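Working notes, beginning with the structure itself.
The values are calculated or read from the model by the stated rules, or taken from the named source; none is laboratory data. For clarity, every value in this text was computed on a predicted model and none was experimentally measured. In this analysis, Cβ positions are derived from the backbone assuming ideal geometry, glycine residues included, and neighbour counts consider all displayed protein chains.
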Amino acid sequence: MASSPALHHRALWLTLGWGVAAAIVWLSLTPRPPTLPLEQGDKLGHLLGYGVLMFWFCQLYAAPRARLAYALGFAAMGVALEFAQELLGDRTYEVFDMLANALGVALGWALALASRGTLLAWLEAMLSRRRV
């Protein structure tokens, strides 16, 4: 799976992906983010957020090197945001949040591999059929 499927709305998909990344940054740095009403719900939020982010970018970039670069970048973003929380003082730095972020990245990548990374191509095909 070295090449991405041709996507007609690639710019839109990229914009949405970077919107997810921006939302993660905001949620990480805002003083009182929303949380899931579960024990350790914040860890689940980290796992899901980074999982969705990585899964999304795997839909856009099929090359293993590109995926590795995004995985490393998103994991580094998770670490950097934890340190930023500590520096800003409103939130606390947590190693388990970093681990949840990294696990989310790995899970997103694994799900993309399992789904063959064709979600966006499938979605575009479905949307183009509806227009006919």
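Considering every residue within the range 39-49, establish whether at least one is more than 15 Å from Leu99 (Cα to Cα), in contact with a helix residue (DSSP H, G or I) (Cβ under 6 Å, 6 or more places away or on another chain) and at pLDDT below 95. Give the steps one after another, and end with the answer.
Taking the range 39-49 as the starting set, the residues that turn out to be more than 15 Å from Leu99 (Cα to Cα) are 39.
Narrowing further to those that are in contact with a helix residue (DSSP H, G or I) (Cβ under 6 Å, 6 or more places away or on another chain): none.
Checking the range 39-49: not a single residue is more than 15 Å from Leu99 (Cα to Cα), in contact with a helix residue (DSSP H, G or I) (Cβ under 6 Å, 6 or more places away or on another chain) and at pLDDT below 95.
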Report summary line: Log entry, pairs with first residue in the range 10-35 being within 17 Å of Phe83 (Cβ to Cβ), second being at pLDDT below 95 and basic (Lys, Arg), beta carbons closer than 8 Å, six or more apart or on different chains, reads Ser28/Arg91; Leu29/Arg91; Pro31/Arg91
Report summary line: Per the filter on the range 28-75, residues closer than 27 Å to Thr118 by Cβ and of a type in the set (Lys, Arg) are Arg65, Arg67
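Residue by residue, here is whether (1) among the aliphatic types (A, V, I, L, M); (2) closer than 23 Å to Gln40 by Cα; (3) surrounded by fewer than 14 Cβ atoms within 10 Å (Cβ to Cβ) holds:
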position: Val95; (1), (2), (3): yes, yes, yes
position: Met98; (1), (2), (3): yes, yes, no
position: Asn101; (1), (2), (3): no, yes, no
position: Gly104; (1), (2), (3): no, yes, no
position: Ser115; (1), (2), (3): no, no, yes
position: Thr118; (1), (2), (3): no, no, no
position: Ala121; (1), (2), (3): yes, no, no
Query raised in the report: Do we find a residue being touching a helix residue (DSSP H, G or I) at 6+ places or on another chain (Cβ under 8 Å) and more than 21 Å from Thr35 (Cβ to Cβ) anywhere in the range 76-99?
Result: no
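For every residue, the table says whether it meets (1) modelled with pLDDT of 95 or more; (2) among the acidic types (Asp, Glu); (3) within 18 Å of Leu7 (Cβ to Cβ).
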site: Leu72; (1), (2), (3): yes, no, no
site: Leu81; (1), (2), (3): yes, no, no
site: Glu86; (1), (2), (3): no, yes, no
site: Ala110; (1), (2), (3): yes, no, no
site: Arg116; (1), (2), (3): no, no, yes
site: Ser128; (1), (2), (3): no, no, yes
site: Val132; (1), (2), (3): no, no, no
Requested in this report: Might you check whether a residue that is aromatic (Phe, Trp, Tyr) and exposed (fewer than 14 other Cβ atoms within 10 Å of the Cβ) occurs anywhere in the range 82-93?
Outcome: yes
